[in-house]
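All of the numbers you see were taken from the coordinates with simple rules; none came from a lab. This structure is a prediction, so every number in the text was calculated from the model and none was measured. Here Cβ is always computed from backbone atoms with ideal geometry, including for glycine, and neighbour counts include all displayed protein chains.
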Amino acid sequence: MKTKKAVFIEGHIIESRRLGETCHPFCIHSVVFSNGKYAIVREASGVCFQPGDTLERNNAEWFFHDAKIHLLPFQYIKENESRRQLSEYET
């Protein structure tokens with residue numbers, strides 16, 4: 001039986017965009033991870049992070065300032081694709 005190895009990853013917010021309706025805004029974020037990969041992420045409750053903020057993943061859980069958060073599913077992408085997707089993202 002395989003044992004799971006603890007995985008710790010940091011994600012640094014590069015840029016954020018606020019989108020959506022005035023009464024239901026949400027934010028998307030361009031993130032660079034400590035493994036050198038990039039992604040566009042969105043927090044499930046609509047929290048907006050600021051450039052320079054750090055997200056941490058310990059095992060399968062995400063944290064921001066030691067508080068557990070829930071990121072919606074995302075894919076790792078290349079840096080230039082991350083910039084393109086952030087700028088072209090539509091609601």
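Return the residue satisfying two criteria in turn: it lies in region 71-91 and is among the polar types (S, T, N, Q) and not in a helix (DSSP H, G or I), and of such residues it is farthest from the chain's Cα centre (by Cα). Going through the qualifying residues, I end up with 91.
Pairs under 8 Å by beta carbon, first residue of a type in the set (A, V, I, L, M, F, W, C) in region 60-75, partner part of a loop (DSSP other than H, G, I, E, B) and surrounded by 13 or more Cβ atoms within 10 Å (Cβ to Cβ), six or more apart or different chains? From region 60-75, the pairs are 64/47; 64/49; 64/53; 69/47; 71/42; 72/42; 74/42.
Of all residues in region 76-86, those satisfying the criterion of being surrounded by 10 or more Cβ atoms within 10 Å (Cβ to Cβ) and farther than 19 Å from residue 46 by Cα are 76, 77, 78, 79, 81, 82, 83, 84.
On inspection, residue 38 qualifies as of a type in the set (Phe, Trp, Tyr), in contact (Cβ under 8 Å) with a residue 24 or more places away in the chain and touching a helix residue (DSSP H, G or I) at 6+ places or on another chain (Cβ under 9 Å). With respect to (1) buried (at least 16 other Cβ atoms within 10 Å of the Cβ); (2) in contact (Cβ under 8 Å) with a residue 60 or more places away in the chain, the lone exception for residue 20 is condition (1).
Working only within region 33-70, note down all residues that are part of a loop (DSSP other than H, G, I, E, B), surrounded by fewer than 12 Cβ atoms within 10 Å (Cβ to Cβ) and among the basic types (Lys, Arg). None - no residue of region 33-70 is part of a loop (DSSP other than H, G, I, E, B), surrounded by fewer than 12 Cβ atoms within 10 Å (Cβ to Cβ) and among the basic types (Lys, Arg), so the list stays empty.
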